[in-house]
Ligand SMILES: C[S@@+](CC[C@H](N)C(=O)[O-])C[C@H]1O[C@@H](n2cnc3c(N)ncnc32)[C@H](O)[C@@H]1O
């Protein structure tokens, strides 16, 4: 905990322990995650404000999104980029907007539609677009229950759905359960409630040769493989995270 206090003092209080610092120490002692207390985090060189309390972006997400961005940049150089066309990208279940923001910051000719069902997340995304100086015209924010209000087709769809199985609830850290939004965490009894709906509909929203990148819990790999077959995706593969666990489905 001492390390967290030091980090808080440095990041938020410029090493000056004011009265508010001691209040924040109390929040940390009560178990509130450090990123909420500091008020922001970093994600692939973007500053992510967390004042509206979306899910705190995770290092595993940052890892696979970073890998995908590298791949898209390679592809972009060799084909689409040269035609001068903008890449149309959807960040579904966007939360803080960390994924779409990283895409906008790192891929030159990208346009991102951010969607989430939760109003606080839509407000959070607006704040984060402003903080990261993203130019208007390169994004849209859409309130949508999965694909209900999404009309367009995309070159790439990114998704980090709520995917924790309720039966695995006891594996989750107490502070996560107490402070982070449950609607961002749980995906029904087997964790696949949103993933099923997402994979069933995502194909209709892909351009020719478009691709989906979706985060998962490694224990769901076999069932998700089954879903990609059921919904007739032509190709799929699973990528591992920095800890060697399957974390991302790539399909199209
Ligand atoms: C796991 S969080 C992902 C947040 C962010 N993309 C990230 O990677 O940190 C899942 C998000 O899905 C949103 N969500 C939950 N149910 C939804 C639904 N039915 N339709 C759209 N979004 C939903 C939650 O509000 C939450 O922001």
What is the number of the single condition among (1) at pLDDT 95 or above; (2) away from the ligand (no atom under 12 Å from the Cβ); (3) under 24 Å from residue 216 (Cβ atoms) that residue 168 does not meet? (1)
So residue 176 ticks every box in (1) over 15 Å from the mean Cα position of the chain (by Cα); (2) in contact (Cβ under 8 Å) with a residue 40 or more places away in the chain; (3) buried (at least 18 other Cβ atoms within 10 Å of the Cβ); (4) not in a strand (DSSP E or B) but one. Which box is left unticked? (3)
Only unsatisfied item for residue 191, checking (1) buried (at least 19 other Cβ atoms within 10 Å of the Cβ); (2) part of a helix (DSSP H, G or I), is (2)
Out of (1) more than 17 Å from residue 184 (Cβ to Cβ); (2) within 16 Å of the ligand (Cβ to nearest atom); (3) not in a loop (DSSP other than H, G, I, E, B), the one residue 121 does not meet is (1)
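Tell me, yes or no, whether the stretch 177-184 has at least one residue that is closer than 25 Å to residue 248 by Cβ and touching a strand residue (DSSP E or B) at 6+ places or on another chain (Cβ under 6 Å).
Looking for residues that are closer than 25 Å to residue 248 by Cβ and touching a strand residue (DSSP E or B) at 6+ places or on another chain (Cβ under 6 Å), one finds none in the stretch 177-184, hence no.
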Checked pairs for the stretch 22-48, first touching a residue at least 40 places away in the same chain (Cβ under 8 Å) and within 13 Å of residue 97 (Cα to Cα), second within 16 Å of the ligand (Cβ to nearest atom) and part of a loop (DSSP other than H, G, I, E, B), C-beta under 7 Å and 6 or more apart or across chains, list as 43/57; 46/132; 47/132; 48/57; 48/96
Conditions (1) touching a helix residue (DSSP H, G or I) at 6+ places or on another chain (Cβ under 6 Å); (2) closer than 30 Å to residue 52 by Cβ; number of the one not met by residue 231: (2)
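On the basis of being in contact with a strand residue (DSSP E or B) (Cβ under 9 Å, 6 or more places away or on another chain), within 18 Å of residue 66 (Cα to Cα), in a helix (DSSP H, G or I) and more than 13 Å from the ligand (Cβ to nearest atom), does residue 104 make the cut?
Yes.
Out of the stretch 171-191, which residues are within 23 Å of residue 50 (Cβ to Cβ) and away from the ligand (no atom under 12 Å from the Cβ)?
We begin by selecting, within the stretch 171-191, every residue within 23 Å of residue 50 (Cβ to Cβ); these are 172-187.
The answer is 172, 173, 174, 175, 177, 178, 179.
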Of (1) at pLDDT 95 or above; (2) assigned to a helix (DSSP H, G or I); (3) surrounded by 14 or more Cβ atoms within 10 Å (Cβ to Cβ), residue 26 satisfies all except one. Which? (3)
Test: residue in the stretch 133-145 that is part of a loop (DSSP other than H, G, I, E, B), more than 14 Å from the chain's Cα centre (by Cα) and closer than 24 Å to residue 220 by Cα: yes
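A quick yes/no check of all residues on (1) closer than 28 Å to residue 194 by Cβ; (2) within 16 Å of the ligand (Cβ to nearest atom); (3) surrounded by fewer than 21 Cβ atoms within 10 Å (Cβ to Cβ):
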position: 13; (1), (2), (3): no, no, yes
position: 18; (1), (2), (3): no, no, yes
position: 48; (1), (2), (3): yes, yes, no
position: 57; (1), (2), (3): yes, yes, no
position: 63; (1), (2), (3): yes, yes, yes
position: 88; (1), (2), (3): yes, no, yes
position: 98; (1), (2), (3): yes, yes, no
position: 114; (1), (2), (3): yes, yes, no
Spot the failing condition for residue 208; the list is (1) more than 19 Å from the chain's Cα centre (by Cα); (2) part of a helix (DSSP H, G or I), and only one is missed. (2)
Picking from 69, 99, 89, which residue would you name as being under 19 Å from residue 212 (Cβ atoms), in contact (Cβ under 8 Å) with a residue 60 or more places away in the chain and part of a helix (DSSP H, G or I)? 99
Go through (1) over 26 Å from residue 102 (Cα atoms); (2) in contact (Cβ under 8 Å) with a residue 12 or more places away in the chain one by one and return the number of the condition residue 195 breaks. (1)
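The values are calculated or read from the model by the stated rules, or taken from the named source; none is laboratory data. A quick note: this is a predicted structure, and the numbers were derived from the prediction, not measured. As a convention, Cβ positions derive from the backbone with ideal geometry for all residues, glycine included, and neighbour counts pool all protein chains shown.
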